[in-house]
Amino acid sequence: MIYLITTFLIFLILFEIILLKNSSKIAISTSLIDKPDFIRKFHKKPVPLLGGLILCTIILLNKIGFFIFDIVYLEFEFILFLIILTFFGLFDDKFNLNANLKLLFLIAFFVIFFYLIMILL
């Protein structure tokens, strides 16, 4: 069993490296590139906006793998929380939302999420 888990973890690491190495190509093909505007974004070259999505993918694969190996249980609330925050981050990166709107959404989201968690406990 330990060999299977180790193989799975090595697969995840290799998958993450492949995703990170190809993130520029994926970003260009999906138009998820952040271009500098020199108002709020001061980077010199366009930057792929896929870091959060890649991290979310790796965490989800990790959770699913550990669920398959019966190491931990699959926490639906955590996965839902992660997916919503990831897509909100992508939406914000793509459409450059107002900072006050982002703050309002995140506060409301965390309050609702933690309220629901307390009800489920």
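The values are calculated or read from the model by the stated rules, or taken from the named source; none is laboratory data. None of these values were measured; they are calculated from a predicted model. All Cβ positions, glycine included, derive from the backbone under ideal geometry; neighbour counts span all protein chains shown.
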Number of positions in segment 66-121 that are within 27 Å of T7 (Cβ to Cβ), of a type in the set (F, W, Y) and in a helix (DSSP H, G or I): 4
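Residues checked against (1) within 23 Å of I33 (Cβ to Cβ); (2) in contact with a Ser or Thr (Cβ under 8 Å, 6 or more places away or on another chain):
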site	(1), (2)
I54	yes, yes
F91	yes, no
L104	no, no
Y115	no, no
Picking from I13, I39, the residue that is outside any helix (DSSP H, G or I), without any contact (Cβ under 8 Å) to a residue 12 or more places away in the chain and of a type in the set (A, V, I, L, M) would be I39
Residue pairs within 7 Å by beta carbon, gap of at least six or interchain, first lying in segment 50-72 and free of Cβ contacts under 8 Å to residues at least 12 places away in the same chain and surrounded by 16 or more Cβ atoms within 10 Å (Cβ to Cβ), second of a type in the set (V, I, T) and assigned to a loop (DSSP other than H, G, I, E, B), listed first then second, are F66/V72
Near pairs, Cβ below 7 angstrom, 6+ apart or cross-chain, from segment 97-121 (surrounded by 10 or more Cβ atoms within 10 Å (Cβ to Cβ)) to any residue that is modelled with pLDDT under 85 and charged (D, E, K, R): I117/E77
